[in-house]
Amino acid sequence: MNIGAHVKGGGTLVPSLKAGVDIGVSSVQIFTQSPRMWKPSVYSPEVLEAFRTAQATHPTIRDTFCHATYLINLASPNPELYEKSLVALTHTLSVGRAMGSAGVVVHTGSHMGAGFETQLPQIAEAFLRALDDADPAPDGVAECPILIENTAGAGGTVGRSLEDIAAMIDACGGDERLGLCIDTQHLWASGFDFSTKEGANALVAEIADRIGLERLRCFHLNDSKTPLGGNKDRHANIDEGEIGQLGLAALMGHPAMRDLPMILEVPGDGDGPRASDVLDAEAAWALGVSLYDATTKKKK
Ligand SMILES: [Zn+2]
Ligand SMILES: [Zn+2]
């Protein structure tokens, strides 16, 4: 089990590890700059190295993920916005690599009516340019992948299906530095029902078939305020939404997924994930594992 949570990074990044410990998670995710501003946060080499060392030697926090700013739109038909997005992604990837992060999660953006297929070549170009132009990871530090996050399916958003995400990765020649982050609330809102063992099996099969399970590096673990297929990005606390504890358990306990980092981005009581939310996630995970392990025993 590896339950994580989105926490505050603080100016020196290291406090994010303590914030994770305080609520009892084993992985954290942070914004390395304001999620609603273009202005990049600049970290000194000393701060980045101090974080890298603190993370690598931390007794309980196993992985740190970075989430890129929400303003990024690699699919935009507006060249100025596209260029700014590319600069922001490249910068975030440089920071992520220097931190020794397990991945930089990004929302690809929206084609704004221009059409996914039409914008696909520029999306691929952006991913490849960011991967090539970002500062390289320090010696001995594992590659920090760009993790494409699925969307809730609203309007012209890009990444509303696994098929779309597979098309983006394929357009990048299957570059190994690209991976996948599945947000459970977005997946539900986009109309994928994973809330039974059959549904979770179908999800695993589709990821394996289209994208490759090795690219799936983490989940964003959220219940949903909107119904299946509602196409709205509205996170709920675990078991306080439309998916429910049992629905999330089916996905969380699946043998192919149970060991992955599952990062809470739930509202809590308004200030993000609390220790009680982590306990709720752990309970859902344990229930999920029992769903599958009970079946295995019966078969013997
Ligand atoms: Zn996200
Ligand atoms: Zn969301």
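Observations
- Within segment 205-236, the set of residues being away from ligand 2 (no atom under 16 Å from the Cβ) and not aliphatic (A, V, I, L, M) comprises GLU206, ASP209, ARG210, GLY212, GLU214, ARG215, ARG217.
- Considering only residues in segment 77-96 that are crowded, with 23+ Cβ neighbours inside 10 Å and not aliphatic (A, V, I, L, M), the one that is nearest to LEU17 (Cα to Cα) turns out to be GLY96.
Let's see how each residue does on (1) in contact with an Asp or Glu (Cβ under 8 Å, 6 or more places away or on another chain); (2) within 16 Å of ligand 1 (Cβ to nearest atom); (3) within 19 Å of LEU287 (Cα to Cα):
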position	(1), (2), (3)
MET168	no, yes, no
GLY173	no, no, no
CYS181	yes, yes, no
PHE192	no, no, no
ALA208	no, no, no
ARG217	no, yes, no
ASP223	yes, yes, yes
GLN245	yes, no, yes
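- Any chance ALA249 is small (Gly, Ala, Ser), outside any strand (DSSP E or B), under 19 Å from the mean Cα position of the chain (by Cα) and under 22 Å from ALA75 (Cβ atoms): no
- Of all residues making up segment 208-232, the number that are in a helix (DSSP H, G or I), surrounded by 14 or more Cβ atoms within 10 Å (Cβ to Cβ) and under 15 Å from the mean Cα position of the chain (by Cα): 2
- Selection status of PRO45, over 23 Å from CYS181 (Cα atoms) and not β-branched (Val, Ile, Thr): yes
- Index of the failed condition, HIS186 passing every other in (1) surrounded by 15 or more Cβ atoms within 10 Å (Cβ to Cβ); (2) in a loop (DSSP other than H, G, I, E, B): (2)
Residues are listed down the side, and each one gets a yes or a no for (1) buried (at least 18 other Cβ atoms within 10 Å of the Cβ); (2) closer than 20 Å to ASN150 by Cβ; (3) in contact (Cβ under 8 Å) with a residue 60 or more places away in the chain:
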| residue | (1), (2), (3) |
| --- | --- |
| HIS235 | yes, yes, no |
| LEU246 | no, no, no |
| MET257 | yes, yes, no |
| LEU260 | yes, yes, yes |
| ILE263 | yes, yes, yes |
| ASP269 | no, no, no |
| ALA283 | no, no, no |
| LEU287 | no, no, no |
| SER290 | no, no, no |
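- Of all residues in segment 124-155, those satisfying the criterion of being at negative phi, within 16 Å of ligand 2 (Cβ to nearest atom) and either in a loop (DSSP other than H, G, I, E, B) or touching a Pro at 6+ places or on another chain (Cβ under 8 Å) (or both) are ASN150, THR151, ALA152, ALA154.
- Test: residue in segment 164-183 that is of a type outside the set (S, T, N, Q), at pLDDT 95 or above and farther than 17 Å from ILE146 by Cα: no
The values are calculated or read from the model by the stated rules, or taken from the named source; none is laboratory data. None of the values given here were measured: they were computed from a predicted structure. All Cβ positions, glycine included, derive from the backbone under ideal geometry; neighbour counts span all protein chains shown.
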